[in-house]
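Structure record follows, encoded as structure tokens.
The values are calculated or read from the model by the stated rules, or taken from the named source; none is laboratory data. All values derive from a computational prediction rather than experimental measurement. Heads up, the Cβs are rebuilt from the backbone with ideal geometry, glycines too, and the neighbour counts pull from every protein chain shown.
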Amino acid sequence: MFKALASAVLVASLMAQSAFAADCSRSYTVQDGDICDGISAAQNVSTYQLAVVNNGVIDNSCSNLSSNTTICLGWTGEDCSTTYTVEEDDTCEGIQTAYGVNSTILYLNNPQINEECDNIYIGEVRVWFIFSSV
Ligand SMILES: *[C@@H]1O[C@H](CO)[C@@H](O)[C@H](O)[C@H]1NC(C)=O
Ligand SMILES: *[C@@H]1O[C@H](CO)[C@@H](O)[C@H](O)[C@H]1NC(C)=O
Ligand SMILES: *[C@@H]1O[C@H](CO)[C@@H](O)[C@H](O)[C@H]1NC(C)=O
Ligand SMILES: *[C@@H]1O[C@H](CO)[C@@H](O)[C@H](O)[C@H]1NC(C)=O
């Protein structure tokens, strides 16, 4: 399934190589006009998980998605599909209260959030629970 991306693997980091070595629990074929946040929201995969699983395949700003390529959405045994889409005026505290998750779980699953929690933005999809098999 990933033969088309073989050249990407050659230049990829160790982490990306492990991405190809791991089993994908879910995959998705990129459509014209897709953006990472749109895929995240529609497929229930967090921003962070999508970035980690596709490290070396998709660039950091998600500007090089190419149509008709198949990307992995999660690794077997580490795939979390319980997500929440951040909305206007959300705060980490408010989300924690509303969904009954504490700060440990929140930051463990969303390590890209800074300590002040001022870098969440509308449309970013986040995972609320420890990675678990699905
Ligand atoms: C994403 O999660 C929502 C809410 O649980 C569910 O209704 C929907 O079917 C899920 N979509 C996919 C692609 O798994
Ligand atoms: C996208 O960018 C990443 C990171 O620079 C690179 O490793 C990958 O090969 C690129 N993918 C495509 C399809 O150009
Ligand atoms: C993607 O696949 C569709 C259907 O096979 C085709 O019409 C389209 O031209 C392809 N797009 C690219 C960028 O290869
Ligand atoms: C959050 O919950 C987890 C699991 O129940 C627990 O291990 C952790 O200590 C809690 N963290 C805080 C800040 O309460």
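To keep it simple, each residue is scored yes or no on (1) closer than 14 Å to residue 37 by Cβ; (2) in a strand (DSSP E or B); (3) among the polar types (S, T, N, Q); (4) more than 16 Å from ligand 3 (Cβ to nearest atom).
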| site | (1), (2), (3), (4) |
| --- | --- |
| 98 | no, no, no, yes |
| 101 | no, no, no, yes |
| 107 | no, no, no, yes |
| 112 | yes, no, yes, yes |
| 115 | no, no, no, yes |
| 119 | no, no, yes, yes |
| 123 | yes, no, no, yes |
(request) Sort through 68, 110, 54 and tell me the only one that's touching a Cys at 6+ places or on another chain (Cβ under 8 Å) and touching a residue at least 12 places away in the same chain (Cβ under 8 Å). (result) 54
(request) Would you be able to tell me the number of residues in segment 69-82 that are more than 16 Å from ligand 3 (Cβ to nearest atom) and crowded, with 20+ Cβ neighbours inside 10 Å? (result) 5
(request) Go through segment 41-68 residue by residue and tally those that are within 16 Å of ligand 3 (Cβ to nearest atom) and of a type in the set (Gly, Ala, Ser). (result) 3
(request) Please go through segment 75-95 and pick out each residue that is under 16 Å from residue 46 (Cα atoms) and either among the polar types (S, T, N, Q) or in contact (Cβ under 8 Å) with a residue 60 or more places away in the chain (or both). (result) 76, 81, 82, 83, 85
(request) Out of the residues in segment 69-82 that are out of contact with any helix residue (DSSP H, G or I) (no Cβ under 7 Å at 6 or more places or on another chain) and in a strand (DSSP E or B), state the one that is farthest from ligand 2 (Cβ to nearest atom). (result) 70
(request) Please work out which one of (1) modelled with pLDDT of 95 or more; (2) more than 11 Å from ligand 2 (Cβ to nearest atom) is the condition residue 30 fails and give its number. (result) (2)
(request) Those residues that are within 10 Å of ligand 2 (Cβ to nearest atom) and crowded, with 16+ Cβ neighbours inside 10 Å, I need them from segment 33-68; list them, please. (result) 54, 55, 56, 57, 58, 62, 65
